[in-house]
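Read-outs: derived from the displayed coordinates by stated rules, not from any lab. All of these numbers come straight from a predicted model, not from anything done at the bench. In this analysis, Cβ positions are derived from the backbone assuming ideal geometry, glycine residues included, and neighbour counts consider all displayed protein chains.
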Ligand code: PEP
Ligand code: MG
């Protein structure tokens with residue numbers, strides 16, 4: 001169709017609104033080691049590399065050397081573009097055959113950073129592999145999943161510093177210190193943004209988990225799936241508060257959940273002031289097209305309206321009506 005043709009032509013263009021506001025579009029990935037041009041979909045880097053996927057494909061924990069080889073390929077395929085690698089996010093719905101976790105409430109249990117801080121040997125090996133893979137490049141950024149409290153951040157930073165110092169001693173000046181960021185996906189962090197801003201280089205909102213935890217709805221439970229919706233007014237207001245406070249504290253802000261890959265969601269996030277949106281690669285061209293066909297002014301008007309609405313139904317209804325007018 002004509003629309004698909006236009007979307008394809010836009011791939012090489014910049015994601016800039018009609019009135020000149022730019023936003024960075026990145027892609028989410030996992031497992032794939034080497035990316036050729038067609039697999040990048042016009043994204044300007046990887047905003048979320050889910051390292052657990054490579055761990056799930058194996059029969060035992062990959063060694064530092066094996067991990068280094070995987071990470072190196074990913075960093076190499078993006079050359080000067082940033083690659084945000086998330087440390088192991090197992091638990092919840094993602095467990096490893098060789099590391100079983102049996103719990104009554106896995107999403108509220110031993111998950112993400114909680115597991116790796118209890119097993120610093122796993123964390124250190126992974127971070128060492130990442131830092132070594134980044135030698136001779138400098139496009140690695142490290143992202144910590146499932147952070148709930150400040151001491152977790154401090155402990156993770158301490159371990160990252162330890163790994164970095166070891167590699168630096170082993171390999172010298174070529175070893176670069178990667179920026180470190182955290183996932184904002186547990187609601188407690190909404191109330192600790194100033195303290196977090198002092199500690200880390202960037203925030204990345206995980207809207208999939210943030211929605212699940214704000215609304216107390218299991219993201220995989222079909223019986224309550226109609227209650228799981230990122231367009232819930234409370235979720236939108238939380239996302240807006242995060243954006244306002246991150247801006248006030250001058251922290252780079254990205255969002256890497258499904259919401260970024262939906263036209264209505266992307267427009268609202270652009271209006272809130274999110275600097276970067278990360279999504280499945282095949283959605284990048286479509287979102288780029290949307291960004292290039294709306295003004296920041298119009299997006300802000302849409303956001304203001306949505307923030308006043310009472311229900312998911314009203315928000316979705318309003319957004320659909322606006323999107324139809326957009327084409
Ligand atoms: C999220 O929670 O929004 C996210 C991007 O991470 P994952 O889906 O891997 O939990
Ligand atoms: Mg998550």
Requested in this report: Would you mind checking the tilt of helix 64-77 against the longest principal axis of the Cα atoms of the chain, expressed as 0 to 90 degrees and rounded to 10?
Outcome: 40
Report task. For residue 320 and residue 307, compute 0.36 nm times the residue count separating them, minus their Cα-Cα distance, and round to one decimal in nm. Result -> 3.1 nm
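Ranking 110, 289 by Cβ neighbours within 10 Å, fewest first, what do you get?
Details: 110 15, 289 23.
In order of increasing Cβ crowding within 10 Å: 110, 289.
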Query raised in the report: Cα centroid distance between region 225-295 and region 114-166, in Å?
Result: 27
**Report entry** Calculated SAXS-style log₁₀ I(q)/I(0) at q = 0.14 Å⁻¹ - region 1-110, Debye, Cα scatterers
**Finding:** -0.72
Report task. Using only Cα atoms, find the angle between the long axis of helix 312-326 and the longest principal axis of the chain, and express it within 0 to 90 degrees, rounded to the nearest 10. Result -> 70
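Rounded if a/c is under 1.5, else prolate if a/b beats b/c, else oblate: with a ≥ b ≥ c from the C-alpha gyration tensor eigenvalues square-rooted, which is region 201-241?
On the way: a/c = 3.27, a/b = 1.70, b/c = 1.92.
Oblate, since a/c reaches 1.5 and b/c is not below a/b.
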**Report entry** Residue with peak Gaussian network fluctuation, the chain [Cα springs, cutoff 10 Å], from 101, 147, 291
**Finding:** 101
Query raised in the report: Say we join alpha carbon atoms closer than 10 Å with springs in a Gaussian network model of the chain; which of 136, 47, 257 then has the biggest fluctuation?
Result: 136
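At 0.36 nm per residue, and after removing the present C-alpha to C-alpha distance, how many nm does the segment from residue 101 to residue 18 gain when stretched out fully?
On the way: separation 83, 0.36 × 83 = 29.88 nm, distance 4.95 nm.
This chain segment gains 24.9 nm when fully extended.
Using packing as a proxy for protection, rank 274-280, 76-82, 112-118, 140-146 so that the peptide with the highest average count of other Cβ atoms within 10 Å comes first.
140-146, 274-280, 112-118, 76-82
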Query raised in the report: How large is log10 I(q)/I(0) at q = 0.07, 0.13 Å⁻¹ when the Debye formula is applied to the Cα atoms of the chain, each weighted equally and without solvent?
Result: -0.28, -0.99
Report summary line: Projected convex hull area of region 35-92, Cα atoms, direction-averaged, in nm², equals 4.6
Report summary line: Ordering 266-272, 122-128 by per-residue average of other C-beta atoms within 10 angstrom, highest first, gives 266-272, 122-128
Query raised in the report: For region 60-205, rounded, prolate or oblate, judged on the Cα gyration tensor with a ≥ b ≥ c (square roots of eigenvalues), a/c < 1.5 rounded, else prolate if a/b > b/c?
Result: oblate
**Report entry** Degrees separating the helix 150-171 axis from the principal Cα axis of the chain, which is the longest one
**Finding:** 50
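Which value in deg cm²/dmol, rounded to the nearest 500, describes the helix-derived mean residue ellipticity at 222 nm for the chain, given -39,500 (n - 2.57) per DSSP H run of n ≥ 4 and division by the residue count? Don't jump to the answer; show the numbers that get you there.
Details: 13 runs with 148 residues, N = 327.
Value at 222 nm, helices only: -14000 deg cm²/dmol.
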Query raised in the report: Using a Gaussian network model of the chain with C-alpha springs under 10 Å, which one of 304, 34, 103 is most mobile by mean-square fluctuation?
Result: 103
Report task. Kindly list the residues of region 54-86 that lie in the label zone of residue 280, defined by a backbone N under 18 Å from the point 7 Å along the Cα-to-C-beta vector. Result -> 54
Query raised in the report: Rounded, prolate or oblate: which fits region 221-295 when a ≥ b ≥ c are the square roots of the eigenvalues of the alpha-carbon gyration tensor, with rounded for a/c under 1.5 and prolate only if a/b beats b/c?
Result: oblate
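Can you tell me the FRET efficiency between residue 244 and residue 171 if r is taken as the Cβ-Cβ distance and R0 is 45 Å, rounded to the nearest 0.05?
Values: r = 41 Å, r/R0 = 0.92.
Given R0 = 45 Å and the Cβ-Cβ separation, E is 0.60.
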Query raised in the report: Expressed in nm to one decimal, what extension gain is obtained for the pair residue 34 and residue 161 from 0.36 nm per residue of sequence separation less their Cα-Cα distance?
Result: 42.9 nm
